[in-house]
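Chemist: Encoded as C-alpha cells, here's the structure I'll be asking about.
The values are calculated or read from the model by the stated rules, or taken from the named source; none is laboratory data. Because the structure is a prediction, the values reported are computed rather than measured. When we count neighbours, we look across all protein chains shown, and the Cβ atoms used for this are built from the backbone with ideal geometry, even at glycine.
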Amino acid sequence: MKRENISTGGKWEPIIGYSRAVKVGPFVFVSGCTSATAEGVQGKGDAYAQAVQTLKTVVHALEKAGARPEHVVRTRIYLTRMADWQEVGRAHGEVFGDARPATAMVEVSGLIDPDMLVEIEADAIVPTPAAS
C-alpha cells in the first residue's frame, strides 16, 4: 500500500523524525498533538482551551490526509492532571461526539513542555468510494 507522510512544518518533526500524520491505504494515524502553535503553548493553565486547540491540530492533520472527524475510530488522550478529565472530555465530545471513537484517557507525569496539560492522538479509516 502507498504510504504518505503528512507534515505541518513544525520545528520538531525533522529533529525527532516523525510526521504529524501518516496515511497508508485507507488508514490515517495522527501523532500526539498538543496546544503548541508557532506562537507557543496556547491556553496555559486551562485544560479545556488546550484541548480545543489540540483538537484543531488533530482535525487539520486529518483534513490534510483526506479524513474528517467522523472517520476517527480511536483516540488516545494523555492528561498531566486527571482532575481535568471532564473539561478535556467535553472538548473531545464536541469534535467526536457523533463518531464516538474508541478512546483511552490516561494520566501521565508530564509532556514535552511543562505548560502542556493534554496531548491527543487519533486513528481514522477513510472510506473508499464504492466500485461501480
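Chemist: Suppose we keep only residues that are under 24 Å from Ala91 (Cα atoms) and basic (Lys, Arg) within the range 14-45. Which one would you say is surrounded by the most Cβ atoms within 10 Å (Cβ to Cβ)?
Modeler: Arg20
Chemist: So, Pro26, is that one closer than 30 Å to Thr128 by Cα, modelled with pLDDT of 95 or more and under 12 Å from the mean Cα position of the chain (by Cα) or not?
Modeler: Working: closer than 30 Å to Thr128 by Cα: yes; modelled with pLDDT of 95 or more: yes; under 12 Å from the mean Cα position of the chain (by Cα): no.
Spelling it out, it is not the case that Pro26 is closer than 30 Å to Thr128 by Cα, modelled with pLDDT of 95 or more and under 12 Å from the mean Cα position of the chain (by Cα).
Chemist: Can you pull out the residues in the range 91-132 that are more than 24 Å from Phe27 (Cα to Cα) and in a loop (DSSP other than H, G, I, E, B)?
Modeler: Answer for the range 91-132, where residues must be more than 24 Å from Phe27 (Cα to Cα) and in a loop (DSSP other than H, G, I, E, B): Val108, Ser109, Gly110, Leu111, Ile112, Asp113, Pro114, Asp115, Met116, Leu117.
Chemist: Do we find that Gly32 is part of a loop (DSSP other than H, G, I, E, B) and either without any contact (Cβ under 8 Å) to a residue 60 or more places away in the chain or under 15 Å from Leu62 (Cβ atoms) (or both) in this structure?
Modeler: Values: part of a loop (DSSP other than H, G, I, E, B): no; either without any contact (Cβ under 8 Å) to a residue 60 or more places away in the chain or under 15 Å from Leu62 (Cβ atoms) (or both): yes.
Criteria not met by Gly32.
Chemist: Can you run down the residue pairs with Cβ atoms below 6 Å, 6 or more apart or on separate chains, where the first is in the range 69-94 and among the β-branched types (Val, Ile, Thr) and the partner is modelled with pLDDT under 95?
Modeler: No pair meets every condition.
Chemist: Still on this structure, I have one more. For the range 88-132, enumerate the residues that are loosely packed, with under 14 Cβ neighbours inside 10 Å, under 16 Å from the mean Cα position of the chain (by Cα), over 24 Å from Ser19 (Cα atoms) and not acidic (Asp, Glu).
Modeler: Correct list: Gly93, Gly97, Arg100.
Chemist: Let me ask another. Determine, yes or no, whether Ser7 is touching a Ser or Thr at 6+ places or on another chain (Cβ under 9 Å) and surrounded by 14 or more Cβ atoms within 10 Å (Cβ to Cβ). Before the answer, list the steps.
Modeler: Details: touching a Ser or Thr at 6+ places or on another chain (Cβ under 9 Å): yes; surrounded by 14 or more Cβ atoms within 10 Å (Cβ to Cβ): no.
Criteria not met by Ser7.
Chemist: Could I ask something else about it? Looking at Glu70, is it charged (D, E, K, R) and either part of a strand (DSSP E or B) or modelled with pLDDT of 95 or more (or both)?
Modeler: On the way: charged (D, E, K, R): yes; either part of a strand (DSSP E or B) or modelled with pLDDT of 95 or more (or both): yes.
Against the criterion (charged (D, E, K, R) and either part of a strand (DSSP E or B) or modelled with pLDDT of 95 or more (or both)), Glu70 qualifies.
Chemist: Only one of these conditions is not met by Asp84: (1) among the acidic types (Asp, Glu); (2) out of contact with any strand residue (DSSP E or B) (no Cβ under 8 Å at 6 or more places or on another chain); (3) crowded, with 16+ Cβ neighbours inside 10 Å. Which number is it?
Modeler: The one condition Asp84 does not meet is (2).
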